[in-house]
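As C-alpha cells, the structure follows; a few thoughts come after it.
The values are calculated or read from the model by the stated rules, or taken from the named source; none is laboratory data. Note that this is a predicted model, so its numbers are computed, not measured. Counting neighbours? That spans all protein chains shown, and the Cβs are built from the backbone with ideal geometry, glycine included. Calculation scope for accessible area: heavy atoms of the full protein, side chains included, ligands and nucleic acids excluded. Shrake-Rupley method; radii C 1.70, N 1.55, O 1.52, S 1.80 Å.
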Amino acid sequence: MAQKNGKTLVNINKLSKLFPVGQGIFGKADSFVHAVSDFNLQIKVGESVGLVGESGCGKTTTGKLITRLLDPTTGNILMDTEEGPVDIALLKGKEMKTFRRRVQMIFQDPYESMNPRMTIFDTVAEPLNVQGIGSMSDRETMVADLLETVDLVPASSFLFRYPHELSGGQRQRVAIARALIIKPDFVVADEPTSMLDVSVRTGVMNLMQDLADQFDVTYLYITHDLAVARYMCDRIGVMYLGKIVEIGETEDLLHNPKHPYTQALLSAVPVPDPTYTRNPIKISGGITKPVDPPPQCRFYNRCPLADEYCKTHDHPPRKEITPNHYVACYHA
Amino acid sequence: MTRYLIRQFTISLIKLFVFLTFMFFFIQIVMPGDFVDQFAMGCDAACREEMRVQLGLDLPLWNRYFHWLGQVVRLDFGESMFGEPILDIFKRVIPPTLLVFVIGTVLAFMIGLWLGKVTSWRERGIGSRLITLGGLVLFTSFPPWLTYLVTYLVTKGGVFQVVGGRGGLRGPNFTGLDRLLWQKVELSPSEVIITMMICVVISALFLFLLKFIYERLTKSKVPTLMFVFLIGLWAVSGWQMWGIDDLAFDIMTIAYIPMVTYILLAFGEFMLIMQASMRDVKNSEYVQIARAKGLPESTVRDQHAARNALLPVLSRLVISLPYLITGVVIIESSVGWPGLGTNLWNALYWQNMPVVMNTLLIVGIISLGARLIIDVIAAYLDPRIRYQDFQTNHT
Amino acid sequence: MDPIPSNHLEKAYNYYRNGQLSRASQLLVELIKHDPGHEEAWYLLSYVLKDLDRQIYAVQRVLRINPLNQKASIRLRKLSVLREEEDAGETLSSETAEGSPPQVTRYTEWTRDQQITDHGFSHTQRLKFRAHNFWRRFKMNWNIFAQSRLAILGLILVFIFGLLTIAYPILRNTVWASSVYDPITGFDMKVFPHPVPPGSRHLLGTDTLGRDVLSRLLAATPHTFVIGLTAAVATAIVGTLLSMAAAYFQGNVDTAITNLADVFIMLPAPVMMVIIGTRFREISPFVLGLFYGVLTGAGGTTLVMRAQAIQIVSKPFMEAAQIAGGGGRHIIFKHLLPSLLPLAALQMMVAVTGAVVADGFISFFGITRTISNWGTIIYDAFIYAGISGTGVPWYSLVPAAMCFSLFALGFYLISRGLHRVASPELRRR
C-alpha cells in the first residue's frame, strides 16, 4: 500500500462540536448534542485511516469538521503546510481557498452531491473554475484525462451529459474525479460506497486505491462497514458517540480487539467459514443522541463489562496496549 | 407544543404591530388631504381649522400615532370621525362579513377539495378537464363582473347596482330587505345574523360529535353530502326555534349573492392546489400498496391518497388566506354587501382613520389567528410536522 | 413515457422466442418508429433481422444510443467477426484471416471526430457542444411543458393578446378614423341611437356614449400588458433576492425575512393600490405594476421561494461547491440562482393575473384616471346603463370581462406548464 514517511499531515487535538438543542421563547439554547467531543487523531502522509462506527456516532460530523464545512466548537485541527502546522479553524478568505486545494471530500450520496443542472464537465471542472487553474481548453483536457483515469471511457461521451443520465457507480466515479481534479493531498471520503450496488462497490474501492498511489493522496475513510475499512485502510479508528474508543493498525485491531464495543462490532460481521465459532458479544439497546451526556464512559449504558468503577469515573483515557494500538477502556 | 404556540403568538403580535404602524403612516402620508377636506367641502379655512382641533387632526402625526396606540393597548376602539363609537360600527358590520367569509370559505374549501380529488383521480376524462378549465376561468375572472353575472342569472337583471364610483361610495345598508317584516321586530339584521351563525356553529359541532360517535360505533362512514345537508337542516330548525326564521330567510335572499360569488371565485384555487397535491401522492408507494391490497378505488382515493394530499393544501392555505380576505373585500364592495370590506372602502374614501385602522386591526387579527389555527390543525394531522416543530423548536 | 412500448417489447420478445421472426420485427419497427431512441428495441431487432449487415446496423444504433451497452458491444464484435468471415468466404481470399479479431471501432460514430480522443477541443466544437446541450435541455423542458395541452392554450392566448397590442396603433394609422375610433372621444355620427349591437360596421358594437367597443378594448391592451409584465418582473426580482438572502445567510436573516414576508402578505394589495391611486391620479401603469410587484414579491412570492431555496441550500451539492473552494458569490450565482429561476418564472405568471385584476378593480371604482382600461370599460357600461336606464348593454360588458378572464387565464395556464418544468420529480422523467 501507500508508503509512509512518518510525517504527520493532519493533527486533530481535543476536537469537539456541540449542536444546540432546545430553545426557550427567545431562542436561547439550553442543552447540547455532543456530536464530537474530545476527539484526537493523527494522520500521517500517505496513509489511509478508517473511521468506523454506527450511524449517528459523529463520523460524518468529524469529516465535515476536518474539511471545515462546520466550525469546531473547541479544539484545533492542525494541517501540515510548508510554513509549519496551521490551524484550519482560523483560515479566512484566500487562505481558505488555498486550503480547499489541498483538502477535498467525496460525499456519500452520488445522486444528491451533484447539481442536476450542471453537466459532468461543469461538475468536475468546478474546483478548477473556482481556483482559476488553467485556461478553458486546459481544463477540458484535464477533465477528460481524469474521466478516462476513473474509467469513464470515452470521456467525450460523458463530458456534456447530466448527472441523471449516469448510473450510480458512474456518478460516484465522477464524484471521485471532482475530488481529485485539483490534486489534493488529503481526501475525506464519507461512505463513498455505501449507496452503491455491491457489484460496482469493489470497482470503486479499487479505483480509489489506485488513485491514492497514483496521486499521492492521504485518505480519511469514513464508513460503517468494517469489511470496507479493512479493504481500504492502513489504520482503523472505532468511534462511539463522538469519541474514538479504539484505534490501531487494521489487522492488529481486527484480530485483537480490546474494547468491548469493537468486539461487539466484529462479532456482528459474518465470517464465511462454517466451522468458525466465537463468543458473540451482546450489547443491548441502540445508539442514542448524546444530549448533555454524563461525564462517565460513553459506552457505559450498553457495555457488558460496565461496573461501579466505570460509573464513578470519567470517560476512560486512551492508553497504548501494544505499539500503535490505543484503547479507551478501564477493562482493557 | 404550548411553548411553540406561545412563541408563535408573541411573534404574531409583533407582526401585527409592525403591520399596523406601517399602514398608519403609509395611509396618512400618501393620501392627500384629511377627513376634514373630504367632509367639510363647503366650509372656509377657519371653520375647517376649528373642526381639525375638535377632531385632534391638528396634532402632529406621531402624536396621533401614540394616541391611537394607547387606545389599542387599552382595548378601546374609540370613535369614528362621525362620532359613532367604532365598537357599534363593528357590531353592525362584522356579522355580515363573517356570514359570507366563514360559511363561504368552508363551503369553497369543501367543494374545491372534493372536485380536486375527483378530477385528479381521473385526469384524462373530459369531465375532469371541463371542471378544471371551468375552475380556472372562474378563478381568474374579474370579481365585479362575476358578481354582476351571478346577480343577473339569479334575478334576471335588476337588483345589481354599482356601489363604487368616482363621486361617492354609498353607505353600507341592507337595501334588499323586506321593510315591513323588519319594522315589526326590534332586531337589527346584524343581530339576526349573529344568532344565525351561532345556530350553524352549534349544530355543526353537535353533528360532528354525533358523526364521530356513530362512525366509531358502526365502523361505517357517513356520506359527506348527507352530513352537510343535515347541518343545514339543523341550523334552519334552530332558526325556527329561535323565532327568527322569517328574518333569517329574508337575509339569506340577499346574502346568497355575495356568498355564491365568493365560493365561485375561491373554490378554483383550492381545487388547483388539491389537484397538484393529489398528483404527487397518487403515484406514491403507499397508494399503490393500498391498491394492491384490493381496496375499492374510492377507498384508496379518499382514505389513502386524499388524506395525505390534504397537508400541503393546508400549508398553502396559510399563504392564500390574505388573498381570500381581499377577495371578500372586493366582492362586498362590488355587490354592496354591508360588511367589513365595504365599510373599509367607505372609511378610506372619507379618510376616517380610526375606522380604517381598527378595521385593519381586525383583519390582521383574523388572518394571524387563522394562521395559528391552521398551524395547529396541520400539527394535529401530521405527526411529522409535530416532530418538526419540536425540532425547529429545539435545535 | 407511453404505455405501448414496454408491452410491445415483451410481445416481440415472445414472438422471437417462438421463432415468429417477421411478426417480431413488425412490432419492433413500429416501436422504433414511435421512439427512435429505444435501446432495447434496436438490440432485439439485431437478433430478429436476418441480413447480417442490417443486424450490424441495428447494434450500431444501440451503441449510438448508449455507448456503454456491454452486451451490444460484445455482439457487435461477434457480428463483425462473422461479417469478416463472410467477406472472406465471398472473395475467397485469406488475407483478413490473420488470427487477431478485427479492431472494433465502436465509438467512431459516436465521437464523430477522431480528434476528440486526444481531447483537443476546438473553439467551434465547444460551441457546438454547448449549443447542442442547450437545445437538448430546451427540448426536454419543452416536452414537459407541452404535455399539458392547457399550457399550450395559454401560450396561444397570450400570443393573441400580443397581436392585439400591436393591432391598435396600426389600425388607427391606417383604417380607423380617429374621430370615430378614439377610445375616449370617439363618436360615430352615422349611427343612431347608441349603443348599437355588434354588426359589420362596429364589430363589437358601440357603448352608450357612441364609442366603438373593439377600439376601446384594443387601446387598453398595451396598458394591461405593461402593468402585468412590470408586476411580474418586479415580483420575480424581489422574491428571488429575498429568498436567496434568507437561504444563504439563514439564522437571523432568514427569520427576519420570513417575518417581514408575513407582514407583507397581510398588506391587502387592492387597498394599497387604492391608496396610491388616490394620491397619484395620473399614475402610470408602470409604477402601479412595480408597486404591486414589490408588494407581492416581498410577501407570498418570498414565502414560496424561500421554502424552495432552503431546500436547495441543504442539498449536498452545495457542500460540494463549498469544498471546491467556492465563495458566496460562486454558490449564489452558479448554484442557487439557476435552481430558483424556474420557480421565479412560475411566480411571475401568477403575479400577472393578480396585478391585472387588481388594476382593473381600482379603475373599476374610478379611482385612477387611467385613460382607458378594461376595468373602466366595465365601469362605464354599468354607470351609463344606470343613467340611461336601459339596462347594461351586454356587448359593451361581456368583451371586456372576457378579456380579463382570458388574459389572466393565458398567463395562469402558462404558469401551470412551467410548474411542471420546475418541479424536479417530473424533470427526472
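Close contacts from the range A:210-232, counting a first residue that is at positive phi and a second that is surrounded by 18 or more Cβ atoms within 10 Å (Cβ to Cβ) and outside any helix (DSSP H, G or I), with Cβ to Cβ under 9 Å and a gap of 6+ residues or different chains, come to A:216/A:45; A:216/A:46; A:216/A:185. Each residue in the range B:70-101 was checked for being touching a residue at least 40 places away in the same chain (Cβ under 8 Å) and open to solvent by less than 60 Å² (accessible area, probe 1.4 Å), and 16 of them qualify. A residue that is open to solvent by less than 60 Å² (accessible area, probe 1.4 Å), closer than 30 Å to residue B:64 by Cα and modelled with pLDDT under 80 occurs nowhere in the range B:378-395.
Against the condition facing chain B (nearest Cβ under 10 Å) and modelled with pLDDT under 75, how does residue C:410 come out, does it pass? Taking the combined requirement at face value, the residue does not satisfy it. Search the range C:153-171 for residues that are modelled with pLDDT under 85 and pair each with any residue that is open to solvent by 30 Å² or more (accessible area, probe 1.4 Å) and outside any helix (DSSP H, G or I) when their beta-carbon atoms are under 9 Å apart and the residues are at least 6 apart or on different chains. Between residues of the range C:153-171 that are modelled with pLDDT under 85 and residues that are open to solvent by 30 Å² or more (accessible area, probe 1.4 Å) and outside any helix (DSSP H, G or I), the close pairs are C:168/C:176.
Restricted to the range A:72-108, and to residues there that are open to solvent by 60 Å² or more (accessible area, probe 1.4 Å) and within 20 Å of residue A:16 (Cα to Cα), the residue that is nearest to the other protein chains (Cβ to nearest Cβ) is A:73.
Among the residues of the range A:109-128, those that are at the interface with another protein chain (Cβ under 7 Å from one of its Cβ atoms) and touching a residue at least 60 places away in the same chain (Cβ under 8 Å) comprise A:109, A:113, A:114. Given the structure, is residue B:238 without any contact (Cβ under 8 Å) to a residue 40 or more places away in the chain and crowded, with 17+ Cβ neighbours inside 10 Å? For residue B:238, the condition - without any contact (Cβ under 8 Å) to a residue 40 or more places away in the chain and crowded, with 17+ Cβ neighbours inside 10 Å - is met. When each of C:21, C:27, C:49 is tested for being touching a His at 6+ places or on another chain (Cβ under 6 Å), open to solvent by 20 Å² or more (accessible area, probe 1.4 Å) and at pLDDT 75 or above, the lone residue that passes is C:27. Residues in the range C:216-223 include none that are in contact with a His (Cβ under 9 Å, 6 or more places away or on another chain), in the same structural domain as residue C:340 (by TED's automatic domain parsing) and in contact (Cβ under 8 Å) with a residue 60 or more places away in the chain. The residue of the range C:254-282 that is farthest from the other protein chains (Cβ to nearest Cβ), among those that are outside any helix (DSSP H, G or I) and farther than 14 Å from residue C:295 by Cα, is C:282. From the list A:174, A:188, A:200, A:153, the lone residue that is open to solvent by 10 Å² or more (accessible area, probe 1.4 Å) and within 12 Å of another protein chain (Cβ to nearest Cβ) is A:153. Evaluation of residue B:355 against the conditions (1) in contact with a helix residue (DSSP H, G or I) (Cβ under 9 Å, 6 or more places away or on another chain); (2) open to solvent by 20 Å² or more (accessible area, probe 1.4 Å) shows that the sole unmet condition is (2). Residue-level analysis places residue A:317 among those that are at pLDDT 85 or above and either open to solvent by less than 60 Å² (accessible area, probe 1.4 Å) or not in a helix (DSSP H, G or I) (or both). When restricted to residues that are more than 27 Å from residue A:94 (Cβ to Cβ) and in a helix (DSSP H, G or I), the range A:110-140 contains 1. When every residue of the range C:235-253 is checked against the conditions, none turns out to be open to solvent by less than 10 Å² (accessible area, probe 1.4 Å), assigned to a helix (DSSP H, G or I), at the interface with chain B (Cβ under 10 Å from one of its Cβ atoms) and of a type in the set (A, V, I, L, M). Every listed requirement among (1) on the phi < 0 side of the Ramachandran plot; (2) open to solvent by less than 30 Å² (accessible area, probe 1.4 Å) is met by residue B:56 save one, (1).
Could we say that residue C:294 is surrounded by fewer than 19 Cβ atoms within 10 Å (Cβ to Cβ) and either touching a helix residue (DSSP H, G or I) at 6+ places or on another chain (Cβ under 6 Å) or of a type in the set (S, T, N, Q) (or both) here? Here the answer is yes, as residue C:294 does meet what is asked.
Listed here are the residues, each with its yes/no results for (1) at pLDDT 80 or above; (2) in contact with a Phe, Trp or Tyr (Cβ under 9 Å, 6 or more places away or on another chain); (3) open to solvent by less than 10 Å² (accessible area, probe 1.4 Å).
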site	(1), (2), (3)
C:349	no, yes, no
C:362	no, no, yes
C:365	no, yes, yes
C:371	no, no, no
C:384	no, no, no
C:389	no, no, no
C:404	yes, yes, yes
C:419	no, no, no
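Condition check ((1) aliphatic (A, V, I, L, M); (2) surrounded by fewer than 16 Cβ atoms within 10 Å (Cβ to Cβ); (3) at negative phi) across all residues:
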{"residue": "B:268", "(1), (2), (3)": "no, no, yes"}
{"residue": "B:277", "(1), (2), (3)": "no, no, yes"}
{"residue": "B:282", "(1), (2), (3)": "no, no, yes"}
{"residue": "B:286", "(1), (2), (3)": "no, yes, yes"}
{"residue": "B:305", "(1), (2), (3)": "yes, no, yes"}
{"residue": "B:311", "(1), (2), (3)": "yes, no, yes"}
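Of the residues making up the range A:289-317, those that are in contact with a strand residue (DSSP E or B) (Cβ under 8 Å, 6 or more places away or on another chain) and farther than 23 Å from residue A:267 by Cβ number 6. Restricting attention to the range C:329-344, which residues are among the basic types (Lys, Arg) and buried (at least 18 other Cβ atoms within 10 Å of the Cβ)? Result: C:334, single match. Of all residues being at the interface with chain A (Cβ under 9 Å from one of its Cβ atoms) and assigned to a helix (DSSP H, G or I) in the range C:302-328, which is most open to solvent (accessible area, probe 1.4 Å)? Just the residue, please. Top of the filtered list is C:322.
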